[in-house]
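Since the structure comes first, as structure tokens, the remarks are kept for the end.
The values are calculated or read from the model by the stated rules, or taken from the named source; none is laboratory data. Everything quoted here is computed from the prediction, not taken from an experiment. Methodologically, a virtual Cβ is constructed for each residue, glycine included, from the backbone with ideal geometry; neighbour enumeration extends over all protein chains shown. Please note that ligands, DNA and RNA were not included when accessible areas were found on the heavy atoms of the full protein model with its side chains. Shrake-Rupley method; radii C 1.70, N 1.55, O 1.52, S 1.80 Å.
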Amino acid sequence: MRSSRRTDMARAYSLVDISERAFNRPVMITPEKAQIILGVIGPRLNVGQLVVAGDDSPPVPIQSLAAMASGARLEMEPMPGDDRIAARDFGTGAIIDPYETWMGAAIIKVRGTLMAENGLNPSSGATGYDGLLYKARYAHADPKVKGLLLDIDSPGGEVVDLMEFCQQLLAIREDKPIRAIVRGCAASAGYAIACCASPGQITAAPYSMVGSIGALMMHADWSKNLEQDGIAVTLITSAAHKADGSSVLPLAADVRERLQASVNECASAFIDHVAQARPIMSRDAIVGQEARFYSGDDALSQQLVDKFMSWDESLREYADFLNGSGNPGRAARPGAQGPRGTGAQSSKGKTMSTNSPGDDAPIHTEAQLQAAVASATTAAVTAERERIGQLCALDSDSSISEGLSAAISEGTSAGEYAIGLATAAKAATATALEAAKNEAVAGEQLPGKSASRSGGGSGQKVNRGKAVMERYAGVHPSIPGRS
């Protein structure tokens, strides 16, 4: 969720950007919306008033438009505690959105154990109904929010304030659609929230657990443990039933019956709520579940969810629906699988098409896709070679050998080019050595050792190695030329 400052991914426009788009450029917008926009940016641009061309009505002061814009931003009825729980910018203290918005969907996270009060955002493994209710009310009043998305992974929690929150969701969905995405678990109170989604709008990730429509109560009896430790606890009460349910006393039969009645009452209210929120489920069918968990095809057959699909696919489908593509029943993308690997599954028990209904996009085979990728890769590589060659040709200071230029044009890899250089050098060495061998001075043509020893001839010693080096200086690649 949001941290100290707004961190959404939307582009930040400067006043210059906005003014260029708002003034001296045709726009397709209602006059009312144009006035609201001017009310937001006008005071920052020192605009004093609005004059409507061709209208004899008096100019509208910018202060009036600013008040109109402020009212259009958020018309949420204030409630006690809003100031305490509201999300604020650390720098300015201004109230900011308490949720992330994507393509018109306000994403409200429902995580872990549910409690009556736990602040704005999930923390310490728990989520408060107070924070959820604030976000739901805020999203309902937020003009840029087209629908709510409940991102749920919760096994349930407290009964207190649960039904009040659920009734608020049911009222909100009459004005704005609500989708519930079950990440891993929506059980008990978690499912009570999930079923508040608009009809057909509960999706779940494969293998998610849903259901457990019922209630329970725990009672700890420490009386025997205290007795073994020699501790006697005496409760002094003002009435006969003041200590009913105390953990230091054995649970009496009549007290147990009354506690059981309380649990049954909560469960009955829960069942009524689910039957109201999801008319496709009859009350008798819900009672017949006996508060079981369900997943996969069982969850679909019990109509606890409408389809199985991944979280991101569900989000994209919902965004398409909110933004006018009118495709709320699209299945998962090709390759996505439902709980048993058979494609996206609907609550009607049939495998759903992996293509969007009415989608005119052609279906391509894997071979066609691979061929297209190969063709595009080849074209890109060829273009890159041409680009490098052209740059080298333009740079008069660069020196590229003919071999390197040919390697670039032909797409020779660095490894292949290195091998070619080594092979050429080896061949040149062999050729030079062979030539040296053929042209070498015969032994009998060189003065022998005895000449220097006997003092014959000039009496100077001949250096055969030096003679060879001088003969092939600059001819063999490993012998430098004469200076």
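Annotations for the structure displayed:
- The residue pairs whose first member lies in region 379-391 and is under 16 Å from S413 (Cα atoms) and free of Cβ contacts under 8 Å to residues at least 24 places away in the same chain, whose second member is part of a helix (DSSP H, G or I) and of a type in the set (V, I, T), and whose beta carbons are closer than 8 Å, counting only pairs six or more residues apart or on different chains, are I388/I408; G389/I408.
- Qualifying residue in region 95-114 (condition: touching a Lys or Arg at 6+ places or on another chain (Cβ under 6 Å), of a type in the set (F, W, Y) and over 28 Å from A215 (Cβ atoms)): yes
- Annotation: of all residues in region 200-224 being among the hydroxyl-bearing types (S, T, Y) and touching a residue at least 60 places away in the same chain (Cβ under 8 Å), the one that is farthest from F293 (Cα to Cα) is T203.
- Qualifying residue in region 129-146 (condition: part of a helix (DSSP H, G or I), within 21 Å of P279 (Cβ to Cβ) and either modelled with pLDDT of 95 or more or out of contact with any Lys or Arg (no Cβ under 7 Å at 6 or more places or on another chain) (or both)): no
- A252, sole failed condition from (1) at pLDDT below 90; (2) over 27 Å from D130 (Cβ atoms): (1)
- Among the residues of region 167-176, those identified as surrounded by fewer than 21 Cβ atoms within 10 Å (Cβ to Cβ) and touching a helix residue (DSSP H, G or I) at 6+ places or on another chain (Cβ under 7 Å) are Q168, L170, I172, D175, K176.
- Test: S310 is open to solvent by less than 10 Å² (accessible area, probe 1.4 Å) and at pLDDT 90 or above: no
- Candidates are the residues of region 231-270 that are closer than 30 Å to C195 by Cα and hydrophobic (A, V, I, L, M, F, W, C); the one that is nearest to the chain's Cα centre (by Cα) is F270.
- Count of region 75-125 residues which are open to solvent by 20 Å² or more (accessible area, probe 1.4 Å), of a type in the set (F, W, Y) and either closer than 17 Å to L150 by Cα or modelled with pLDDT of 80 or more (or both): 1
- Screening region 277-293 for residues that are among the aliphatic types (A, V, I, L, M) and in contact (Cβ under 8 Å) with a residue 60 or more places away in the chain and picking the one that is nearest to A267 (Cα to Cα) gives A291.
- Check on D153, open to solvent by less than 20 Å² (accessible area, probe 1.4 Å) and either modelled with pLDDT of 90 or more or outside any helix (DSSP H, G or I) (or both): no
- Of all residues in region 267-324, those being assigned to a loop (DSSP other than H, G, I, E, B) and farther than 18 Å from I181 by Cβ number 10.
- Condition met for D297 (open to solvent by 60 Å² or more (accessible area, probe 1.4 Å) and either under 33 Å from the mean Cα position of the chain (by Cα) or closer than 25 Å to S198 by Cβ (or both)): no
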